[in-house]
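Okay, structure first, notes after.
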Ligand code: NAP
């Protein structure tokens, strides 16, 4: 593994910079940026993500609130979005996904004002991204690219392979990497000879939602591997076989009954020059980017 700044150290550094930024915005405009997060239902992972977003925002001096509903119908959620769109005290807001199945997610996303769409999922913002123009970009892929650029990885001309083509991660990531002049291959569940395609990558980005699927044969010696996947493993045989080189993970499993792993097998560390951890890798970078997007939305509205 190389000597690059870890995701944790990067976030701590950005946090200090953002605190100063918020202070100066408060002085200039008389208020700090404000983020609202709408949470529907009782999905455990969503509850934990939302808590982290609110905590991060407050730690750097931003205003943040979570609007929590055990249940809400589509009509009422659309009315709430309208209210948030028109609320001058709200600079950015997100509707935490997934939503209950009876709500049309695209309809909700399209009702969000693009100027306040700090998740970057609105078709207007995605269209701007596609055209190579500035906008609010989806947090996970934008955070990954910012992190790589911060660490001064040389990206131009390099081969990037992405596993996964979702609207949240894989597709927008491909456009952001193209903007950095990388040569991009997007792969998915129907891709043939996947491991061979991945083994050409100088930079391998994995967002498949398949625990530990990327094993060393997918990885070129010295490649940079970005693991986006977050999966809870609950099968003790799998945990004890696959994670035998990581006693601290097994200990955690024995204590909690599950352990979080990425889509990349820990053995990959032997070949990669850099591998992001799970947890404490791309997850917190996504939260950081949401906050950065909210500050950007605030500045655009303010000025
Ligand atoms: P998604 O919408 O389920 O998309 C998964 C993608 O992976 C699909 O394009 C799918 O292909 C592809 N795929 C699935 N199995 C595959 C296989 N065996 N071989 C090749 N491709 C395969 O998931 P997502 O929202 O992009 O999220 C992916 C993972 O990242 C999940 O674990 C999620 O929890 C995690 N995530 C983490 C963060 C974070 O902040 N760290 C943020 C977002 C997502 P098809 O299109 O052909 O079905």
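Hey, can you tell me all the residues within segment 36-60 that are out of contact with any strand residue (DSSP E or B) (no Cβ under 6 Å at 6 or more places or on another chain), within 13 Å of residue 288 (Cα to Cα) and touching a residue at least 40 places away in the same chain (Cβ under 8 Å)?
Hits for segment 36-60 are 49, 52, 56, 59, 60.
Can you name every residue in segment 195-205 that is touching a strand residue (DSSP E or B) at 6+ places or on another chain (Cβ under 6 Å) and assigned to a loop (DSSP other than H, G, I, E, B)?
Of everything in segment 195-205, those that are touching a strand residue (DSSP E or B) at 6+ places or on another chain (Cβ under 6 Å) and assigned to a loop (DSSP other than H, G, I, E, B) turn out to be 200, 201, 202.
Among the listed residues 50, 37, identify the single one that is modelled with pLDDT of 95 or more and part of a strand (DSSP E or B).
That would be 37, the only listed residue that is modelled with pLDDT of 95 or more and part of a strand (DSSP E or B).
Could you run through segment 248-272 and say how many residues are in a helix (DSSP H, G or I), away from the ligand (no atom under 16 Å from the Cβ) and in contact with a strand residue (DSSP E or B) (Cβ under 7 Å, 6 or more places away or on another chain)?
Looking only at that region, the number is 4.
Considering only residues that are under 20 Å from the mean Cα position of the chain (by Cα) and over 10 Å from residue 211 (Cα atoms), which ones fall in segment 227-247?
Residues satisfying the conditions are 227, 228.
Got at least one residue in segment 206-215 being assigned to a loop (DSSP other than H, G, I, E, B) and more than 9 Å from the ligand (Cβ to nearest atom)?
yes
What single numbered condition from (1) within 16 Å of the ligand (Cβ to nearest atom); (2) closer than 24 Å to residue 14 by Cα; (3) crowded, with 19+ Cβ neighbours inside 10 Å fails to hold for residue 280?
For residue 280, the exception is condition (3).
Going through 61, 89 one at a time, which residue ends up being farther than 23 Å from residue 284 by Cβ, modelled with pLDDT of 95 or more and surrounded by fewer than 19 Cβ atoms within 10 Å (Cβ to Cβ)?
None of the other options fit; the residue is 89.
Scan 104, 119, 76, 134 and give me the residue that is under 30 Å from residue 194 (Cβ atoms) and not assigned by TED's automatic domain parsing to the domain that holds residue 187.
It is 119.
Restrict the check to segment 188-196 and report whether at least one residue is surrounded by 15 or more Cβ atoms within 10 Å (Cβ to Cβ), within 25 Å of residue 4 (Cα to Cα) and within 12 Å of the ligand (Cβ to nearest atom).
No.
When both residues are 6+ apart or on different chains and their Cβ atoms are under 7 Å apart, which pairs have a first residue that lies in segment 164-189 and is within 14 Å of residue 263 (Cβ to Cβ), and a second that is assigned to a strand (DSSP E or B) and near the ligand (Cβ under 6 Å from one of its atoms)?
187/163
Considering only segment 273-289, state which residues are outside any loop (DSSP other than H, G, I, E, B) and in contact with a strand residue (DSSP E or B) (Cβ under 7 Å, 6 or more places away or on another chain).
Of everything in segment 273-289, those that are outside any loop (DSSP other than H, G, I, E, B) and in contact with a strand residue (DSSP E or B) (Cβ under 7 Å, 6 or more places away or on another chain) turn out to be 274, 275, 282.
Just to verify a result, which residue in segment 97-120, among those that are closer than 17 Å to residue 292 by Cα and part of a loop (DSSP other than H, G, I, E, B), is nearest to the chain's Cα centre (by Cα)?
Among those residues, the one meeting the criterion is 119.
Each row is one residue, and each column tells you yes or no for (1) within 16 Å of the ligand (Cβ to nearest atom); (2) farther than 26 Å from residue 228 by Cβ; (3) crowded, with 17+ Cβ neighbours inside 10 Å; (4) free of Cβ contacts under 8 Å to residues at least 40 places away in the same chain.
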site	(1), (2), (3), (4)
70	no, yes, no, yes
82	no, yes, no, yes
114	no, no, yes, yes
127	no, no, no, yes
149	no, no, no, yes
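Looking at segment 21-34 only, could you name the residues that are part of a loop (DSSP other than H, G, I, E, B) and within 21 Å of the chain's Cα centre (by Cα)?
33
The values are calculated or read from the model by the stated rules, or taken from the named source; none is laboratory data. Quantities reported herein were computed from a predicted structural model and do not represent experimental measurements. Cβ: placed from backbone, ideal geometry, glycine included. Neighbour counts: every protein chain shown.
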